[in-house]
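Written out below as structure tokens is the structure these notes cover.
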Amino acid sequence: MTDVTSNTSWTAVCQTSDILPFSGVCALVNDTQIAIFRTKDDQLWAINNFDPFSDANVLSRGIVGDLEGKLVVASPIFKQHFDLETGQCLEDDSVQLQTFSVRNNDGQVELAL
Amino acid sequence: MNKKQRVVVIGNGMVGHKFLEVMAEGNTNNEFELITFCEESRVAYDRVHLSEFFSGKSAEDLSLVPEGFYETHNITAYIGDKAESIDRANKQVTSASGKVVSYDKLILAMGSFPFVPPVPGHERDNCLVYRTIDDLEAITAAAKNATVGAVVGGGLLGLEAAKALKDLGLKTHVVEFSPRLMAVQVDESGGALLKRKIEALGVSVHTGKNTQSITDGDQHKHVMSFADGEKLETDIILFSAGIRPRDELARECELELGERGGIKINNACQTSDEDIYAIGEVALWDNKIFGLVSPGYQMASVAAEQVLATQDAKEFTGADMSTKLKLMGVDVASIGDAHAKTPGAKAYSLIDESNDIYKKIVVSEDGKQLLGSVLIGNADEYGNLLQFMLNSMELPEHPEDLILPQREGSASVGLGVDALPQSAVICSCNNVTKGDLCAAIEGGAVEISELKACTKAATSCGGCAALTKQVLDNELEKQGIEVKKDICEHIPYSRQEIYHLVRVGKIKTFAEFLSTHGKGFGCDICKPTVASVLASCWNGYILEDELATLQDTNDYFMANMQKNGTYSVVPRVPGGEITPDKLIAIGSVAKEFDLYTKITGGQRIDLFGAQSHQLPEIWKKLIDAGFETGHAYGKSVRTVKSCVGSTWCRYGVDDSVGLSIEIENRYKGLRSPHKLKFAVSGCTRECAEAQSKDVGIIATENGWNLYVCGNGGMKPRHTDLLASDLDKETLIKYIDRFLMFYVRTSDRLQRTSVWMDNLEGGLEYLKQVVCEDSLGLAKELESEMQSVIGTYQCEWKTTIEDPEKMKRFSHFVNTDVSDNNVVYVKEREQIRPARKEERIEIAPA
Ligand code: SRM
Ligand SMILES: Cc1cc2nc3c(=O)[nH]c(=O)nc-3n(C[C@H](O)[C@H](O)[C@H](O)COP(=O)(O)OP(=O)(O)OC[C@H]3O[C@@H](n4cnc5c(N)ncnc54)[C@H](O)[C@@H]3O)c2cc1C
Ligand code: SF4
Ligand code: FES
């Protein structure tokens, strides 16, 4: 993980080992629900947990995988896919979720808002 | 044309109805008024599949007339009203109820009646025939107080009638006058083999027997005395000694008849009166009666086109009488000149005594043309051979290769369907050519079910089903449409192939599967599919790390996610039986966690509105009260519905609740391609609706009837009867095999109903696999099921005993607060999710 400028403040939310590879958890930071996913080689990704298609906070509970070369999570409710890197919905161009900076700091999962 | 032409049809049987269908289609300008007299108490139904009435099909199932069809096309049907006389001079028909209807054109489609030989005593009680639904109802009623039944006549229909008696639980005899069975269709060696096979099924066959009288029996109602002095006691006698045309109306109004009956028609199906046509089994063309439905349908089309004055109207020029049937599970087929009567004809025959197969082909003197064939025991070549004959295609150098069993490595000699001309008739019942099929495939009918629906091919006798499928596959292949079965971009296999790879390779994890048989990381299609297959095969604990992340959220949380992200909880209530204490326990859990409760459509109770972090606590309480998970979330066994059964119900003949509970406990936890629902009813009143389930069981006086492959849902389907009067041990064995065979061969998310509709060979094939063990798989399937049963665990129990696993149920990984987006309001004294406009605080924009 590359180092970041000194004024970014990182919040630790859990251990990397708390997230099974190819799955997600949800963290609450500054009243925002953030879905954090772990993929191969302990890479981490963070997007908004709110599923705009069902209006429910559920994305962290979706199945994680890849489609057409992109790492994605599938909404557990209506099954739309979201690109973990960009937050873009694959089925609907007009929908893009907010993404967040996340890092693996010596076994700690840290988020920057 | 000013005045409408009135067309009156006498007889609303299969052929009469076909005529109306063709007329309705051509009557686009409403020039014709259509009226039909129907003697029977119901509109046209499928007589060809009459026997299915005994395997659970109702009169409605057999009906040929879609609801509203006659209304839509302005067809007047006088049901239960027999036409009694024809006045040709005034062009009028008078009916039994006194209606007098004039006609411009008259169509005679009265069919035929079963011939009852004038043996003294033939009119006694319980001497019946086999032609109409009313006849079948009479047979069923008579069978209630009978133990033995005899069929007079060992032809095609006689054997079908014998099967019906056997299915009704009677000791069954077939009495045939000639020295062999099916004398019309098969030759001597074929007849002998057929007799052996049918006797092996428990039906006694008496050939060369001339019945001389029927009188009072000692042990049974009747005794039949034969010319050779022998006697046979029986309670029921069914006459099936041939058919006679119902030409009496035509005789009275002096239409020309044949010497031995039948209304004479020309190539336009016209009788000796040009305004009167005759079609179907009542018609005599070139001195022949055609006792099959397909020639009748052709006559109906010809007559309709004549009446409609269609340009280039077709003519009737005779019909092929080849047939293929399954008689009591034995394949029998006869094509063309089966008896080699053509001068110079040569025959080849194959008798395989170890497999009880008899095959014969008759070829022309020069060996180039096929003239006829007889197949018994295995009729796989029927479609091929028929096409050789109908299209006068040149035979291969060694025609005998067509019926010789293939040795390993040798290529099949059958003709590829590719070789058939476009004009080749593939389905003779519905007159569908290869060209028609190709056009439909071109038009997008790429599934066999679609092709059947839009061309009607293979929807009547079914004899052409295999060939229809071959044409489909061949066309798709030619169009370069690979029949793609890959489940997703990661795994280039169908679910069935995945299952096989997992079993054979003893694969236990998704990673292992992907590294050997796939690519990438997987997705929400392949992960749950492989997880389900792994569960069907090895039945591991689904939240084991490796398996957990493959599961859909419902399986991962072992609860059903609702629209607002909360979950529902469904404890198992086997058979729907529940004690007051357990009801109270459910009630108090619901009260404590403020959950919405509802009785489900599956006879159990659903608790809605639980947040993920509450699930372990809820389940701890339920498990303490003696509950187990209901697997409402899984593609797995759901519920076994029951009716109250013989314990309380005055009509119950067996303990349906007891059996439901036993079955639910046996199969709970089985994961499958789609969900599985069962039901058990204690008698034929069927209060548990077993005939709409994947597996339905109904108690009978003699055991249990097993029905399979029904479902409700979007496209409801009633079940098919797989086997009857089973003892419990056999019943369970059959269900084990059935379920495992489905699990093994089904596509992903394919209910048993759709699986069955796509199963080549259909119900008969399934019966062979499950009941007769034709694939030799029975032991394997049973032991696979045994291993699933032996490894059952309540997943919730395992989970609450493991603190590590409990962690993953909290909504947030970094705090214990709950999701503030979950907002409830009260309705009818219970909670429900707030609608958007009712929510005070909405989550991030
Ligand atoms: C709760 C219940 C409705 C109720 O309040 O009565 C229900 C609820 C759901 N049904 Fe159902 N079905 C329920 C009985 C039925 C029945 C009736 C029955 O079982 O006798 C049927 C018709 C019978 C059948 O399945 O053949 C039924 C046919 C369906 C179907 C259509 C299946 C099909 O083959 O077409 C679906 C969709 C699917 O599975 O793909 C479905 C799917 C669903 C889902 C899972 C939809 C979803 O994904 O959210 C619902 C969520 C269940 C939950 O607990 O949150 N449900 N569903 C019933 C639970 C029964 C139980 O005790 O387990
Ligand atoms: C058990 C069974 C199995 C069969 N299996 C096959 C098979 O596998 N393949 C095959 O090709 N064929 C089979 N057949 C034969 C096939 O059913 C007949 O060829 C076909 O039904 C003939 O049609 P139809 O309309 O001419 O006669 P029907 O279907 O008999 O219809 C004639 C109708 O006219 C009515 N009627 C008669 N007189 C009057 C009147 N005066 N007024 C009003 N109504 C009148 C009759 O009540 C009857 O309903 C089978 C037949 C039976 C009984
Ligand atoms: S019928 Fe539809 S809305 Fe009702 S429970 Fe079943 S799936 Fe849900
Ligand atoms: S030949 Fe009878 S259904 Fe096609």
**OP:** Inspect all residues belonging to the stretch B:540-555 and state whether any of them is part of a loop (DSSP other than H, G, I, E, B) and in contact with a Gly (Cβ under 6 Å, 6 or more places away or on another chain).
**Re:** no
**OP:** Please go through the stretch A:34-57 and pick out each residue that is in contact with a Phe, Trp or Tyr (Cβ under 6 Å, 6 or more places away or on another chain) and more than 8 Å from chain B (Cβ to nearest Cβ).
**Re:** A:34, A:37, A:45, A:46, A:53
Original post:
Only one of (1) facing chain B (nearest Cβ under 10 Å); (2) over 26 Å from residue B:519 (Cα atoms); (3) open to solvent by less than 60 Å² (accessible area, probe 1.4 Å) fails for residue A:60. Which number is that?
Top reply: (2)
Original post:
Among the candidates A:79, A:70, which residue alone is more than 10 Å from every other protein chain (Cβ to nearest Cβ), touching an Asp or Glu at 6+ places or on another chain (Cβ under 7 Å) and surrounded by fewer than 20 Cβ atoms within 10 Å (Cβ to Cβ)?
Top reply: A:70
**OP:** Determine whether the stretch B:239-257 contains at least one residue that is under 30 Å from residue B:705 (Cβ atoms) and within 16 Å of ligand 2 (Cβ to nearest atom).
**Re:** yes
Subject >> Test for residue B:77: is it of a type in the set (A, V, I, L, M, F, W, C), open to solvent by 10 Å² or more (accessible area, probe 1.4 Å) and assigned to a strand (DSSP E or B) >> reply: yes
Original post:
Tell me, which residue of the stretch B:683-723 that is surrounded by fewer than 20 Cβ atoms within 10 Å (Cβ to Cβ) and small (Gly, Ala, Ser) is farthest from residue B:767 (Cα to Cα)?
Top reply: B:713
Subject >> In the stretch B:187-229, the residues that are open to solvent by 60 Å² or more (accessible area, probe 1.4 Å), in a strand (DSSP E or B) and closer than 20 Å to residue B:160 by Cα >> reply: none
Subject >> Number of the condition not met by residue B:288 [criteria: (1) more than 31 Å from the chain's Cα centre (by Cα); (2) surrounded by 15 or more Cβ atoms within 10 Å (Cβ to Cβ)] >> reply: (2)
Original post:
Got a number for residues in the stretch B:541-569 being away from chain A (no Cβ under 14 Å) and open to solvent by 10 Å² or more (accessible area, probe 1.4 Å)?
Top reply: 1
Subject >> Only listed residue being touching a helix residue (DSSP H, G or I) at 6+ places or on another chain (Cβ under 8 Å), crowded, with 21+ Cβ neighbours inside 10 Å and modelled with pLDDT under 95, chosen from B:652, B:669 >> reply: B:669
Original post:
What are the pairs, 6+ residues apart or on separate chains, where a residue within the stretch B:797-813 that is more than 11 Å from chain A (Cβ to nearest Cβ) has its Cβ under 8 Å from a residue that is open to solvent by 50 Å² or more (accessible area, probe 1.4 Å) and not hydrophobic (A, V, I, L, M, F, W, C)?
Top reply: B:797/B:628; B:800/B:620
Original post:
Are there any pairs, at least 6 apart or on different chains, whose C-beta atoms fall under 9 Å, with the first in the stretch B:366-394 and assigned by TED's automatic domain parsing to the domain that holds residue B:764 and the second modelled with pLDDT of 85 or more, and if so, which?
Top reply: none
**OP:** Give the residues of the stretch B:293-332 that are within 15 Å of ligand 4 (Cβ to nearest atom), hydroxyl-bearing (Ser, Thr, Tyr) and assigned to a loop (DSSP other than H, G, I, E, B), sorted by residue number.
**Re:** B:322
Original post:
Taking into account only those residues within the stretch B:327-359 that are open to solvent by less than 20 Å² (accessible area, probe 1.4 Å) and in contact with a Phe, Trp or Tyr (Cβ under 9 Å, 6 or more places away or on another chain), which is nearest to residue B:404 (Cα to Cα)?
Top reply: B:359
Subject >> Residues satisfying the stated conditions in the stretch B:762-772, i.e. open to solvent by 30 Å² or more (accessible area, probe 1.4 Å) and in contact (Cβ under 8 Å) with a residue 24 or more places away in the chain >> reply: B:763, B:764, B:767, B:768, B:771, B:772
Original post:
So which residues in the stretch B:823-839 are surrounded by fewer than 19 Cβ atoms within 10 Å (Cβ to Cβ) and within 14 Å of another protein chain (Cβ to nearest Cβ), if there are any at all?
Top reply: B:823, B:824, B:834, B:835, B:836, B:837, B:838, B:839
**OP:** Please find, within the stretch A:10-31, the residue that is farthest from the other protein chains (Cβ to nearest Cβ) out of those that are open to solvent by less than 30 Å² (accessible area, probe 1.4 Å) and over 23 Å from residue B:528 (Cα atoms).
**Re:** A:16
**OP:** Would you be able to tell me the number of residues in the stretch B:609-667 that are in a helix (DSSP H, G or I) and more than 14 Å from chain A (Cβ to nearest Cβ)?
**Re:** 25
Original post:
residue B:523 versus (1) open to solvent by less than 10 Å² (accessible area, probe 1.4 Å); (2) within 14 Å of chain A (Cβ to nearest Cβ); (3) touching a helix residue (DSSP H, G or I) at 6+ places or on another chain (Cβ under 9 Å): which is the lone unmet condition?
Top reply: (3)
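The values are calculated or read from the model by the stated rules, or taken from the named source; none is laboratory data. If you're wondering where the values come from, they're calculated on a predicted model, not measured in any experiment. Ideal geometry is used to build each Cβ from the backbone, glycine not excepted, and the neighbour counts take in all protein chains shown. Side chains are part of the model used for accessible areas, which takes the heavy atoms of the whole protein and leaves out ligands, DNA and RNA. Shrake-Rupley method; radii C 1.70, N 1.55, O 1.52, S 1.80 Å.
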